[in-house]
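Undergrad: Below is one structure. I have some questions about it.
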Amino acid sequence: MIIVQMTVNGNPIEVGVGDEETLLETLRQRLGLTGTKQGCDLGDCGSCTVLLDGKPVLSCLTLAADAQGHEIVTIEGLAQGEDLHPVQRAFHEAGAVQCGFCTPGMVLTAKALLDTNPNPDRETIKGALSGNLCRCTGYVKIVNAVEIAAKVYPEGA
Amino acid sequence: MKTSSFSYVGKALPRIDGVAKLTGDAQYTDDIHLPGTLVGKLLRSPHAHALIRNIDVSKAEALPGVRGIVLGKEAPICFGILPRAEDENALAIDKVRYVGEPVVGVAAVDERTALEALKLVEVDYELLPALFDPYEAMTREDVKIHKESEVANIERRATLEFGSVEEGFAAADHIREDTFFKAAITHAPIETHVALANYRDGKMTLWSTTQVPHYVHKAISRVLELPMDRVRVIKPTLGGGFGGKGEPFSYEFVACMLSRKCGRPVKIVHTREEVFMSHRGRHPMHMKLRTGVKKDGTITAVEFQNLLDGGSYGSYGLVTLYYSGQLLTLPYILPAYRFDGVRVFTNKPACGALRGHGGVGPRFAFEVHLDRIATDLGIDPVEIRQKNALKPNTMTLNELRITSCGFEECLEKAGKAIGWNERRGKLPRGRGVGIAGGGYVSGANNAIYFNPMPHSSVNISVDRGGGVTVFCGASDIGQGSDTMLALVAGETLGIRPDTIKVISADTDTTPVDLGSYSSRVTFMAGNACRSAALEVRRKIVPIIAEKLGVPEETVQIKDGIASAQGHSEKTLTFAQAVVLAESKGTSIYGSGGYTPPKLGGSYRGAGVGPSPAYSFGAHAAEVEVDEETGVVRVLKLVAAHDLGLALNPLAAEGQVEGAAVNALGEVLLENHDITDGGQHACPSLLEYKIPTMLDVPDVEAILVESVDPEGPFGAKECGEGSLHPSIPAVVNAIYDAVGIWLHDAPITPEAVLSALKKGEQP
Amino acid sequence: MMPLPRFKLERPQSLTEALQLLGEFPDALPLAGGTDLLVSMKQGLYTPGRLVDLKGLKELATLEINPEGAFLGAGVKLSTIRDNCLIRERYPALSEAAGVVASPNIQNMGTLGGNVCLDTRCWYFNQSEFWRNSKGYCLKKDGDICRAAPSAKRCFAVFSSDTVPALIALGARAELAWWDGESTIHREIPLEELYREDGIHRIALKRGELLVGVRLPAAHGIRSGYLKYRKRGAIDYPLASVAVAMRMKDGTMRDVRVVLGALASSPVTASEAMELLEGAQPSPELLARVTELIGKRTSPVKNQAGSPAHRKQMARVYAQRLLTRLTA
Ligand SMILES: Cc1cc2nc3c(=O)[nH]c(=O)nc-3n(C[C@H](O)[C@H](O)[C@H](O)COP(=O)(O)OP(=O)(O)OC[C@H]3O[C@@H](n4cnc5c(N)ncnc54)[C@H](O)[C@@H]3O)c2cc1C
Ligand code: SF4
Ligand code: FES
Ligand code: FES
C-alpha cells in the first residue's frame, strides 16, 4: 500500500493504493468515480482520459501512485452544480452524444484543448481529439460541439 | 402529415439521457456495484478445434480467494438466438470449436485471484483438424464441426428463384459476370461486454450489456431451469452495440451460474480481446454475380451466388444467409432473379448480425457490378440506377411490399451534393466521384421465434403531478430509442418530450419489446408508444372538454397546457386534468402494442425479408488515390437517406453519419481476420483499425422524407440502411479516379498498387 | 481489465538513487511515462520485481536550447517537445516526429527517454498471454523459434520509435549514466550506437544504465523533416518512416542524413543514398535515383500490419517527398 495525496475534482484526498494499481482502478473502484470509462485498458481508445494538472492523460496507463501531489479532474468534476460546463452543454445540444461511452474522455480532451486554445479550427480539433475513438457518431457532431463550445468559451469557462 | 404541423416532431431534440452521460452519472453495467460482488472470469480454449477429455479444477478450487467454479456439464441445455440453430452451451462440454471458446467459469474475491485460478485449471484436450477455409469446410466430410450437418460442414443451403431467369438472360443485350469478396468486420463498441448477476431468494437478477433483454430473459430461464418469473434481466445504459450484443452470450449464463453457486453477486467484464473473440460480426462473403441488361441499362435478370463463412456456431447466420439473398431485390426492379447461398461452419468465432445485417456484402458487390455494367454500356452510373429504380407502392418480385420509397430523390440529392454532373469523369487523375444505392428493412415482420404477441408493447402511466412515464422493453443501445419514445409520447400528448421519463429494457417492469436489431425500434416501439399515448389522450380529452365546456374535437394540448381551438382564454394544465380525472375515479394510463401486418410470400425463405417499410438511400463519395503509395482518402461523403420522416433530425443525422463512418472503416481499414491457427489477427483497438477523427471526412447527411403511411408520424428506419451504399460508392469513386476496379474489400494500399500495376480489370 | 502483474514500486528522488536501485536489483526496470512498458506488462511480456519510477528525477527534466545546441532530458514529455517553438524552428524533424507518436493524449504521458529506449515490436510478441499461448511462443519471449521468419536464428521485431530516426538525422548523442557500486559513471555516445540489429537485445545499455538525455548539435542552417506511414491518422505506430536533415550550400546538399524507421530492429542510416546526395544539386532525376537506394539494406519480415514490400515502398516514396520538400 502506498498512501497517495492528490486533488480530485477540487477536493484534496488521501487514498491508499496498491503498487500496481492504475489511476483508472483507483478512480472507479476506490473512489466510486465511475464516469471514467474503460474501453481497452491498453492505451488504445482514450475512453479513460482524465485531466492531470489540466492535461489529458490515459488513466489506464497511469499508476495511481504517480498521481501523488497532482490535480486530477474527471468528468464528474466539470459541471458546477446544475450548470454544465460549456463543453458539456455544447455536446448535449449538438447531438455529440450517442451511447456516451467515449463521451467523458472526449469532453475532457476537448476542455483541455479549449483551455489552451480557445479558438481552434476544425482540423486542430480533430487532431487534438484523434486519440479518442468513437464508434457511434461518425465524429461530425463532436467536432461541431467543440466549435460551438469555443464560441462561448471565454466567458463560459 | 407535414412536419410543420407538429409541436416537437421534426425539431432537434437533445437526448433525454444526454446530461447523465455528460456528467458521469449514467450507470453502465460495469458502473453498478453491489456489496460483496465476486469477480467472474472465463477460461477460454487456446485451440480452434478439440475434444475435451477431462477438466481438473481441483488446484484452482484450492486457491485461497476462489469462491466457485462452474463447468459446461452443469448447464447442458443448448441455446442460440435462432430456434433453428440452438447449438451453443453456456460453457463447452465435450468439444471446443474456436480459439477463445469459454470452457470454465471461475468466481473469486478479486480479479487477480480469478486470473490466477484460471491458470490452475487443467484441461485435457484432444486436438482435431481445424478448418478455416470455407471452401475446404464445404467438402470435408471427415471433419465435422457440428455432427448434425448433413453435408460436410454446410449449415444450410438456401435457394430462391423468381421470374424466368433463363428468359431474362436470353432477352439481355449484355451479360456481365463478376466475383467479389467482402471480409469480416466486427462491431467494436467502445464499451466491452459486462454482466452482473445476483441470485437471491430463488430469484435471478441479471444486469447485462444486451441489446435483447427479452431473448436473454428467455434463454437464462431455459438454460438455468428457472421459471421466467424468477428471472429479471435489466439493460443499464449501454455503451454501443451495433449487433455485437444482440444475442445471449456465454458470459451471461456463467455469471448467473456462478452467482447461484456462490450465493453472491458475480460480475464478468470482458477484456477488449474477449470482445473480439465473442465477435458475431459480419460474415465474410465470397460472391458471384451475373446480370443481364438491355442496351439502355434495363436489368433483365440477376443471378447471385453467395458463400458465407459462418464461423463455429449458428448465431443469426440463417437470417444473414436469407437476407443476403432477399434484400438484393432492393432498390432496383429485377424482373428475374435467382439466388443460391450457403452458410458454412469453420473453426472461427461465430459470425452473426452487424449494423446493416445481411445486406452489406451483397450491396457492395451489386453496386460495383452495376457500375461496371454501366461502364460496359457507356451509360452514366446515376442514369442506370434511375432507370431501374424501385417505385413506391409496388411489390418486388420476391413479394416484398414497398410502400413509401424515396430512392430516386436520394439519388438526385446525393448526386447534386457531390456535384455529379460537373465532376464525374472530369476531375484530374487521382480524384474521382462515385455513387451507390441501397435499401433496408424497418424491422423484420417475423419475430425470431414464433409467437402471437405484439412485437413491441408500451405502457404509459401518468402521475398526479402530471408527470408522464413511458415503460417499454426496447433497448436504448446508444441509438436514442428512449428519446424517440419520449418524443412520440410527447407529440401525441402535447407534453414537452424532455419532461417525459422513460423506463426501458427491464423485464420485470417493462412490457416486452423484441429488442434492438433489424432496425425495428423506431417503427415498432414508436408505433406501440403512439398507440399507448393515444389511449391516454382518449381518456383525458373528455375530462378536459367537460371542464372547459367545449366539444372534445376542439381540445388541443401543447407544452402541457390544454385549451380549446378558438377559445384561447379557456385553459387547463395537463396536471390539473389528471387530478380531475382521478377525482372522478379514472386513473390515467395507456397501453399499446404493435404487430406488423401479414406480409410476404409463401415460398421457402419468404419469412426473411418482409418488413412493414423499407428505407432507401444513395451515397456519393469523392476520393483521392495516391498512385505512388496506394493510399485512398475519402475527401467527401454525402449520404442521402430516405427515413420516411425525421422524428428528431439531430438524432437521425447522427445515425446516418455514424453508419457512413462505420462503412468507411469497413471499406478502407477494418478486417476482422483470423490467422492460420485460429487466433485473431488483430484483437485490440490498436491493431483493429476503427477510424479516428483524422481518417474520415465530415459526412454530409441528407434526410429524405417519403412519409411512410404506417410508420409513427411517417418515420422508418435510419441507422442501418445508411451504412450500405458508402462502401460501393467509395469503390466506384476509385474507378473514376484512377480507372481500376477493386472487387475485394477492405481495399488495401497494396491492392490499389497492384491493380494499378496490372493496369486493367481484375 | 488487464491487471498489472505485481511489482514493488520504487520512487527515487535523484538520479543517483535511481541508479543505485537499478544497480542493486537485477529484476528492476526503469519506468518513465509507462505508455510502452505498462502495456507490455499488462500483456504479461515483462514481470519485473521492481519498477524504478523516473518521474521524480529532476536531472531528467532538463530542457536547454541555446545557439550551441540543445540538451533534452530523458524525462521531457513528447508533448513538450512537440510544442516547443525553438525545437520547431531549429529541429523541425524532431518536433514533427514527437507530434505523430501515438495520439496527443499519449504524447502528454510518453517521454523522450521512453521513446528512445522503446522496445521493439512484433505481431507475434505484442499480444496477450492467452494469444501467445494459443499461437505458440517465440524467441523474444518464452519460445525457441521466430514465428515471423522460422528459418532465422534471430528476432526481427521492429524498432518503431518515431523520434529516434529524427534525432539520429539531427546528429544526436545520448548521455548515459550508471552506478558502478561506488559512484555514478557518465558516458556519451552517438545515438545510433545505442541500437543493435537484434529485436531482443535491442539496446546497448549496460545493466542498470539509464539514458539521462539527448544532446543535439547546433542547428545552424539545418533543414530537417520527418514523415511517417501508418494506417490511421493517429494512434498507430509507424509501418515505415523517414527522417532527413541537411544543409543547402550554393545550391548543393551538404551534411545529408537520411534515417529510416520501423523497417528493421534498429534505425537504419541510408548511407548509399546519403553518399549520392552529398554535395549534389537536387534534381528530380537524382531524387528518383536516390529513392531506388532507400531501404536497400533492409529486409523487413511479415510481422506488422502491411506487407514488407509495401512498407519499403512507402519509405522510398516518403523519402523522395521529404527530400523534394526540403530542397525546394
Ligand atoms: C496506443 C499506443 C500507440 C503508440 N504509438 C506509438 C507511435 O506511433 N510511435 C512511437 O514511437 N511510440 C508509440 N507508442 C509507444 C509509447 O507511447 C512512446 O514510445 C513513448 O514515447 C514511450 O515513452 P514512455 O515514457 O511512456 O516509456 P516507458 O513505457 O516508460 O518506457 C519505455 C521503455 O524504455 C525504458 N526507459 C524509459 N526511460 C528510460 C531511461 N531514461 N533510460 C533507460 N531506459 C528507459 C523502459 O524501461 C521501457 O523499457 C504507442 C503507445 C501506445 C499505448
Ligand atoms: S520477430 Fe520473430 S522472434 Fe522476434 S518477436 Fe517476432 S516472432 Fe518473435
Ligand atoms: S481504457 Fe485507457 S485508453 Fe482505452
Ligand atoms: S458515443 Fe458511443 S462511442 Fe462515442
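Undergrad: Hey, any hits in the stretch A:19-29 for a residue that's touching a residue at least 12 places away in the same chain (Cβ under 8 Å), surrounded by fewer than 20 Cβ atoms within 10 Å (Cβ to Cβ), within 14 Å of chain B (Cβ to nearest Cβ) and farther than 29 Å from B:T237 by Cα?
TA: First, the residues of the stretch A:19-29 that are touching a residue at least 12 places away in the same chain (Cβ under 8 Å): A:19-27.
Next cut, surrounded by fewer than 20 Cβ atoms within 10 Å (Cβ to Cβ) only: A:19.
Add one more test, that the residue is within 14 Å of chain B (Cβ to nearest Cβ), and what stays is A:19.
Still in the list and also farther than 29 Å from B:T237 by Cα: A:19.
For the stretch A:19-29, residues touching a residue at least 12 places away in the same chain (Cβ under 8 Å), surrounded by fewer than 20 Cβ atoms within 10 Å (Cβ to Cβ), within 14 Å of chain B (Cβ to nearest Cβ) and farther than 29 Å from B:T237 by Cα: present.
Undergrad: Within the stretch A:39-51, identify whether any single residue is of a type in the set (S, T, N, Q) and near ligand 3 (Cβ under 7 Å from one of its atoms), and answer yes or no.
TA: Taking the stretch A:39-51 first, the residues of a type in the set (S, T, N, Q) are A:47, A:49.
Now restrict to residues that are near ligand 3 (Cβ under 7 Å from one of its atoms): A:47.
Yes, the stretch A:39-51 has at least one match.
Undergrad: Continuing with the same structure: Please go through (1) under 29 Å from B:V458 (Cα atoms); (2) within 14 Å of chain A (Cβ to nearest Cβ) for B:L635 and return the number of the only condition it doesn't satisfy.
TA: Only one criterion in (1) under 29 Å from B:V458 (Cα atoms); (2) within 14 Å of chain A (Cβ to nearest Cβ) is unmet by B:L635, namely (1).
Undergrad: Next question. Among the residues of the stretch B:151-193 satisfying the criterion of being of a type in the set (D, E) and in a strand (DSSP E or B), which is surrounded by the fewest Cβ atoms within 10 Å (Cβ to Cβ)? Quick ask: steps written out before the conclusion?
TA: Of the residues in the stretch B:151-193, the ones of a type in the set (D, E) are B:155, B:161, B:166-167, B:173, B:177-178, B:191.
Then keep just the ones that are in a strand (DSSP E or B); that gives B:155, B:161, B:177-178.
On the way: B:E155: 24, B:E161: 15, B:E177: 10, B:D178: 19.
It comes out as B:E177.
Undergrad: Among the listed residues A:E147, A:E76, A:E123, identify the single one that is charged (D, E, K, R) and closer than 29 Å to C:L38 by Cβ. First the steps, then the outcome.
TA: On the way: A:E147 fails: closer than 29 Å to C:L38 by Cβ; A:E123 fails: closer than 29 Å to C:L38 by Cβ.
Of the residues listed, the single one that is charged (D, E, K, R) and closer than 29 Å to C:L38 by Cβ is A:E76.
Undergrad: While we're looking at this one, here's another question. Considering each of A:A64, A:A79 in turn, give the residue that is under 28 Å from B:T29 (Cα atoms), of a type in the set (A, V, I, L, M) and either without any contact (Cβ under 8 Å) to a residue 40 or more places away in the chain or more than 13 Å from chain C (Cβ to nearest Cβ) (or both). Reasoning before the result, please.
TA: Values: A:A64 fails: either without any contact (Cβ under 8 Å) to a residue 40 or more places away in the chain or more than 13 Å from chain C (Cβ to nearest Cβ) (or both).
Testing whether each residue is under 28 Å from B:T29 (Cα atoms), of a type in the set (A, V, I, L, M) and either without any contact (Cβ under 8 Å) to a residue 40 or more places away in the chain or more than 13 Å from chain C (Cβ to nearest Cβ) (or both) leaves just A:A79.
Undergrad: In the stretch C:195-243, how many are under 27 Å from B:L669 (Cβ atoms) and among the β-branched types (V, I, T)?
TA: Of the residues in that region, 2 qualify.
Undergrad: Only one of B:I32, B:I16, B:I52 is out of contact with any Asp or Glu (no Cβ under 7 Å at 6 or more places or on another chain), touching a residue at least 24 places away in the same chain (Cβ under 8 Å) and open to solvent by 10 Å² or more (accessible area, probe 1.4 Å). Can you tell me which?
TA: Sole residue among the options that is out of contact with any Asp or Glu (no Cβ under 7 Å at 6 or more places or on another chain), touching a residue at least 24 places away in the same chain (Cβ under 8 Å) and open to solvent by 10 Å² or more (accessible area, probe 1.4 Å): B:I32.
Undergrad: From (1) on the phi > 0 side of the Ramachandran plot; (2) open to solvent by 60 Å² or more (accessible area, probe 1.4 Å), pick out the condition that doesn't hold for B:G65.
TA: Single failed check for B:G65: (2).
Undergrad: So how many residues does the stretch B:54-66 have that are more than 23 Å from B:F253 (Cβ to Cβ) and not in a loop (DSSP other than H, G, I, E, B)?
TA: Looking only at that region, the number is 3.
One line per residue, one yes/no per condition, for (1) under 26 Å from B:Y322 (Cβ atoms); (2) without any contact (Cβ under 8 Å) to a residue 24 or more places away in the chain; (3) surrounded by fewer than 20 Cβ atoms within 10 Å (Cβ to Cβ); (4) not assigned by TED's automatic domain parsing to the domain that holds B:L664:
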| site | (1), (2), (3), (4) |
| --- | --- |
| B:G358 | yes, no, no, no |
| B:A365 | yes, no, no, no |
| B:A374 | no, no, no, no |
| B:E383 | no, no, yes, no |
| B:K416 | no, yes, yes, no |
| B:G432 | no, no, no, no |
| B:G439 | yes, no, no, no |
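Undergrad: Shifting gears a bit: Tell me whether the stretch A:119-134 contains one or more residues that are open to solvent by less than 10 Å² (accessible area, probe 1.4 Å), within 16 Å of ligand 3 (Cβ to nearest atom) and over 25 Å from C:D236 (Cβ atoms).
TA: No; the residues of the stretch A:119-134 include none that is open to solvent by less than 10 Å² (accessible area, probe 1.4 Å), within 16 Å of ligand 3 (Cβ to nearest atom) and over 25 Å from C:D236 (Cβ atoms).
Undergrad: Among the candidates B:P728, B:P683, B:P697, B:P709, single out the residue that is part of a helix (DSSP H, G or I) and away from ligand 4 (no atom under 16 Å from the Cβ).
TA: Details: B:P683 fails: part of a helix (DSSP H, G or I); B:P697 fails: part of a helix (DSSP H, G or I); B:P709 fails: part of a helix (DSSP H, G or I).
From the options B:P728, B:P683, B:P697, B:P709, the qualifying one is B:P728.
Undergrad: Condition first: closer than 22 Å to C:G114 by Cβ, in contact with a Gly (Cβ under 7 Å, 6 or more places away or on another chain) and within 14 Å of chain B (Cβ to nearest Cβ). Can you find one or more residues in the stretch C:214-237 that meet it?
TA: yes
Undergrad: Sticking with this one: Do the conditions hold for B:D56, that is, is it within 14 Å of chain A (Cβ to nearest Cβ) and over 30 Å from B:N446 (Cα atoms)? Before you say what the answer is, go through the steps one by one.
TA: Numbers: within 14 Å of chain A (Cβ to nearest Cβ): no; over 30 Å from B:N446 (Cα atoms): yes.
No: the conditions fail for B:D56.
Undergrad: Can you confirm whether C:M41 is more than 19 Å from the chain's Cα centre (by Cα) and at pLDDT below 95? Break it down stepwise before answering.
TA: Values: more than 19 Å from the chain's Cα centre (by Cα): yes; at pLDDT below 95: no.
Considered against the rule, which asks whether it is more than 19 Å from the chain's Cα centre (by Cα) and at pLDDT below 95, C:M41 comes out as no.
Undergrad: Output yes when any residue across the stretch B:393-412 is over 30 Å from B:H146 (Cα atoms), in contact with an Asp or Glu (Cβ under 7 Å, 6 or more places away or on another chain) and of a type in the set (S, T, Y), and no when none is.
TA: yes
Undergrad: What are the residues in the stretch B:288-318 that are of a type in the set (A, V, I, L, M, F, W, C), open to solvent by 10 Å² or more (accessible area, probe 1.4 Å) and farther than 25 Å from B:G243 by Cβ, if any?
TA: Within the stretch B:288-318, none qualify.
Undergrad: Would you mind stating whether A:I125 is more than 7 Å from every other protein chain (Cβ to nearest Cβ), away from ligand 2 (no atom under 16 Å from the Cβ), in contact (Cβ under 8 Å) with a residue 60 or more places away in the chain and not in a loop (DSSP other than H, G, I, E, B)? Lay out the reasoning, then the answer.
TA: Working: more than 7 Å from every other protein chain (Cβ to nearest Cβ): yes; away from ligand 2 (no atom under 16 Å from the Cβ): yes; in contact (Cβ under 8 Å) with a residue 60 or more places away in the chain: no; not in a loop (DSSP other than H, G, I, E, B): yes.
It is false that A:I125 is more than 7 Å from every other protein chain (Cβ to nearest Cβ), away from ligand 2 (no atom under 16 Å from the Cβ), in contact (Cβ under 8 Å) with a residue 60 or more places away in the chain and not in a loop (DSSP other than H, G, I, E, B).
The values are calculated or read from the model by the stated rules, or taken from the named source; none is laboratory data. All values derive from a computational prediction rather than experimental measurement. Note that we place each Cβ from the backbone using ideal geometry, even for glycine, and neighbour counts take in every protein chain shown. Calculation scope for accessible area: heavy atoms of the full protein, side chains included, ligands and nucleic acids excluded. Shrake-Rupley method; radii C 1.70, N 1.55, O 1.52, S 1.80 Å.
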